[in-house]
C-alpha cells in the first residue's frame with residue numbers, strides 16, 4: 001500500500017528534522033542547509049550528504065560520494081529501507097558518517 005502524499009511529506013519532514021537535531025547535538029564541525037525539502041549536510045573535509053524527497057515515488061533519496069540510494073518507508077517497522085540493499089537508513093548513515101567524518105553517531109531512531 002502506497003503512502004498518501006500528506007503522510008509521505010510528514011514522514012520526510014520528521015526524518016529530516018530528526019537528522020538536523022542529531023547533527024546539531026553532536027560535536028561535529030559541519031554545515032547544514034534545508035531548502036525546498038532538500039537537506040544538505042556538509043562535513044569539514046568537504047564531503048556532503050544530500051537528502052531529498054521524491055514525491056512521485058514516495059521515496060527519500062540520499063546522495064553521497066559513494067552513490068545515490070533510494071529509501072522506501074516501511075509502515076510495519078517505522079523505518080526507511082534501501083530499495084536495493086535493504087539496509088536501514090540509520091544503519092547506512094552510521095557507516096557513512098563514520099567514514100566521512102570519523103565520528104560515531106547513533107542513528108538507530110531514524
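Normalising the Debye intensity of the chain to I(0), with uniform scatterers on Cα atoms only, and taking log10 at q = 0.11, 0.18, 0.19, 0.22 Å⁻¹ returns -0.31, -0.87, -0.97, -1.33. If both residues of a DSSP beta bridge must be in the range 5-101, then about 100% of such bridges are antiparallel.
Between residue 74 and residue 95, the simple label model (points 7 Å from Cα in the Cβ direction) yields a spacing of 1.5 nm.
Here is how the number arises for the chain: DSSP H runs of 4 or more residues each give -39500 (n - 2.57), the sum is divided by the residue count, and the result at 222 nm is -10500 deg cm²/dmol.
We did not get these values from a lab; they are worked out from the coordinates using the rules stated. The model shown is predicted, which means the values in this text are computed figures rather than measured ones. So basically every Cβ, Gly included, is an ideal-geometry build from the backbone, and we count neighbours across all protein chains shown.
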